[in-house]
1. Given a cut-off of 18 Å, name the pairs among Lys4/Lys53; Lys4/Lys51; Lys29/Lys55; Lys6/Lys53; Lys25/Lys55 whose C-alpha atoms lie farther apart than that in the structure shown.
2. When every alpha-carbon pair in the stretch 1-54 is counted, what percent end up more than 18 Å apart?
3. Using a Gaussian network for the chain with springs between C-alpha atoms less than 10 Å apart, which of these wobbles most: Ser26, Ser40, Ser49?
4. Mean-square fluctuation check for the chain, GNM, Cα pairs under 10 Å: which of Lys42, Lys33, Lys25 is largest?
5. Work out the charge dipole of the chain with +1 on the Cβ of Lys and Arg and -1 on the Cβ of Asp and Glu about the Cα centre, then indicate which of Ser38, Pro56, Ala12 is farthest towards its positive end.
6. Counting only protein heavy atoms and a 1.4 Å probe, tell me what percentage of the chain's accessible area is made up of carbon and sulfur.
7. Suppose a student asked you for the relative contact order of the chain, using Cα pairs under 8 Å spaced at least 6 residues apart; what percent would you report?
8. Could you work out how far apart the two model spin labels at Glu37 and Ala59 are, taking each label as a point 7 Å from the Cα in the direction of the beta carbon, and quote it in nm?
Amino acid sequence: MPAKSKAQQKAAGAALSAKRGDTPKSKLKGPSKHMAESMSEKELEKMASTKRKGKPEHAANAGR
């Protein structure tokens, strides 16, 4: 599933980094922490690799 906003794409990137062991999971907060726990590495890759061009900074109800 592609990211709906820049913020969602950034959170997915942070979660992916933690999932791969590049960043400690203790550094994650909010949505990125939840994403790391609930999504697979493949799902996170797909969301984090979404192009940012044309995306809003924050999408209304993006995660709901």
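1. Numbers: Lys4/Lys53 11 Å; Lys4/Lys51 10 Å; Lys29/Lys55 22 Å; Lys6/Lys53 9 Å; Lys25/Lys55 27 Å.
Violating the 18 Å Cα-Cα cut-off are Lys29/Lys55; Lys25/Lys55.
2. On the way: 280 of 1431 pairs.
Tail fraction, whole percent: 20.
3. So, out of Ser26, Ser40, Ser49, the one fluctuating most is Ser26.
4. Lys42
5. My answer, from the dipole projection, is Pro56.
6. Carbon and sulfur together cover 51 percent of it.
7. Numbers: 78 pairs, mean separation 33.8, N = 64.
Answer for the chain is 53 percent.
8. So the two model labels end up 2.3 nm from each other.
The values are calculated or read from the model by the stated rules, or taken from the named source; none is laboratory data. It should be emphasised that the depicted structure is a prediction, and the values quoted were computed from it without experimental measurement. Counting neighbours? That spans all protein chains shown, and the Cβs are built from the backbone with ideal geometry, glycine included. Only protein heavy atoms, including side chains, enter the accessible area calculation; ligands, DNA and RNA are left aside. Shrake-Rupley method; radii C 1.70, N 1.55, O 1.52, S 1.80 Å.
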